[in-house]
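The structure appears below as structure tokens.
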Amino acid sequence: MNLDDFDRFRRLVNDSGVIFYYTGYLSHNIIGAIGDALRSKLEAEDIKGPTARRIFSTFIEMMQNILNYAENPAIEGDKAILQMGTVAIGNAGERFFVVCGNSMGEEHVSRLRGKLEHIRTLSLEEIKQEYKRRLREEPEPDSKGAGLGFLTVARDASEPIEFDFHADARNQDIQHFFLKATI
Amino acid sequence: MIPDLYLAPERDKPEVDFKFSRHHLSLKGETYPENAAQFYGPILAALRVYLNDTRGAHITVDMDLIYFNSSSTKILLSLFEMLDQAARDNQVQLNWHYDPEDETVQEFGADLAEDYTALVYNPVAK
């Protein structure tokens with residue numbers, strides 16, 4: 001990247017209202033460290049109380065979701081194999097957004113799309129009810145977390161969550177998944 | 001009698017202060033560990049041993065959690081289930097500490113009170 005490109009990138013980030021951005025390898029320790037940096041940034045921006053908690057919660061659920069569903073999850077005790085992920089947090093007027101991105105195999109797209117489209121149809125009250133119901137159920141067989149990540153994100157959001165899949169320019173079997181929550 | 005259990009808080013783990021000898025159990029801080037089942041497994045096991053041996057006690061539980069992620073929430077529910085069972089033979093008071101501005105934490109406590117009716121639910125605004 002030459003310096004002009006880097007400046008364009010920096011300006012795009014600024015103009016989009018981004019106050020925090022990370023892209024790179026993720027591990028639990030990296031998530032924790034980014035989380036600390038995010039909190040300092042929120043404090044510096046005077047974002048407190050439930051808003052700060054919602055932003056932090058959304059960030060943690062999104063990042064842990066990427067780790068849990070990583071194509072090549074870190075082998076236990078071996079931190080060398082890490083998953084790539086992207087996250088941006090910013091403000092748009094009075095509200096905040098948290099966006100994350102990661103890549104996955106084409107075969108996961110339809111199941112994930114179904115899950116997220118379903119959540120998008122729910123009202124906040126329905127999200128809370130489904131959250132409560134799922135919390136008291138056994139997790140789905142394909143779930144490595146509590147299976148509550150997306151519902152937690154949706155519950156803390158003030159608008160329906162948004163998502164998209166973009167095909168990789170070079171490898172058609174790879175899809176880039178993006179998820180956005182507005183808080 | 002099972003020995004008391006104390007775990008110092010970490011960035012992603014709460015302070016665990018289970019004074020079984022005084023029938024006082026406290027969880028304080030934040031909880032979003034990498035593997036919630038692994039972290040809470042031994043804690044719940046110790047609690048189970050304590051509760052199995054305890055009758056007619058006045059047990060006080062202080063829950064002062066600022067942030068809990070979804071997998072911790074799932075496991076905390078099994079903890080409340082155990083306490084609710086134990087409340088048949090003991091008096092179990094749940095002090096649920098919450099930030100009055102934070103509806104989610106407040107509602108979660110209220111839901112617990114609704115589901116685990118044997119617990120004496122005491123919401124405490126911070």
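The values are calculated or read from the model by the stated rules, or taken from the named source; none is laboratory data. In this text, all values refer to a predicted model and were calculated from it rather than measured experimentally. Positions of Cβ are generated from backbone atoms using ideal geometry, with glycine treated the same way; all protein chains shown enter the neighbour counts. The protein model used for the area step is the full one, side chains on, heavy atoms only, and it has no ligands, DNA or RNA in it. Shrake-Rupley method; radii C 1.70, N 1.55, O 1.52, S 1.80 Å.
Residues of segment A:167-182 that are at pLDDT 95 or above and either more than 11 Å from the chain's Cα centre (by Cα) or exposed (fewer than 13 other Cβ atoms within 10 Å of the Cβ) (or both): A:182 alone.
When residues of segment B:95-112 are filtered for being among the hydrophobic types (A, V, I, L, M, F, W, C), open to solvent by 30 Å² or more (accessible area, probe 1.4 Å) and farther than 21 Å from residue A:51 by Cα, how many remain? Reasoning before the result, please.
Taking segment B:95-112 first, the residues among the hydrophobic types (A, V, I, L, M, F, W, C) are B:96, B:105, B:108, B:110, B:112.
Now restrict to residues that are open to solvent by 30 Å² or more (accessible area, probe 1.4 Å): B:110.
Still in the running and farther than 21 Å from residue A:51 by Cα: none.
Final tally of qualifying residues: 0.
Among the residues of segment B:28-62, those that are open to solvent by 50 Å² or more (accessible area, probe 1.4 Å) and out of contact with any helix residue (DSSP H, G or I) (no Cβ under 7 Å at 6 or more places or on another chain) comprise B:28, B:35, B:38, B:42, B:49, B:52, B:53, B:55, B:56, B:58.
For segment A:24-31, does any single residue satisfy the condition of being hydroxyl-bearing (Ser, Thr, Tyr), touching a residue at least 24 places away in the same chain (Cβ under 8 Å), under 22 Å from residue B:11 (Cα atoms) and out of contact with any helix residue (DSSP H, G or I) (no Cβ under 8 Å at 6 or more places or on another chain)?
Within segment A:24-31, one or more residues are hydroxyl-bearing (Ser, Thr, Tyr), touching a residue at least 24 places away in the same chain (Cβ under 8 Å), under 22 Å from residue B:11 (Cα atoms) and out of contact with any helix residue (DSSP H, G or I) (no Cβ under 8 Å at 6 or more places or on another chain).
Screening residue A:15 against (1) within 12 Å of another protein chain (Cβ to nearest Cβ); (2) over 16 Å from the mean Cα position of the chain (by Cα) leaves a single unmet condition, (1). Annotation: residue B:46 fulfils all but one of (1) under 23 Å from residue A:57 (Cα atoms); (2) touching a Pro at 6+ places or on another chain (Cβ under 9 Å); the unmet one is (1). With a requirement of 2 or more residues that are more than 30 Å from residue A:33 (Cβ to Cβ), the strands (runs of 3 or more DSSP E) lying completely within segment B:11-85 that satisfy it span B:24-31, B:58-68. Considering A:85, A:101, A:149, the condition of being surrounded by 18 or more Cβ atoms within 10 Å (Cβ to Cβ), touching a residue at least 40 places away in the same chain (Cβ under 8 Å) and within 14 Å of chain B (Cβ to nearest Cβ) is satisfied by A:149 alone. Out of segment B:60-74, which residues are within 8 Å of chain A (Cβ to nearest Cβ) and farther than 14 Å from residue A:131 by Cβ? Across segment B:60-74, the qualifying residues are B:66, B:67.
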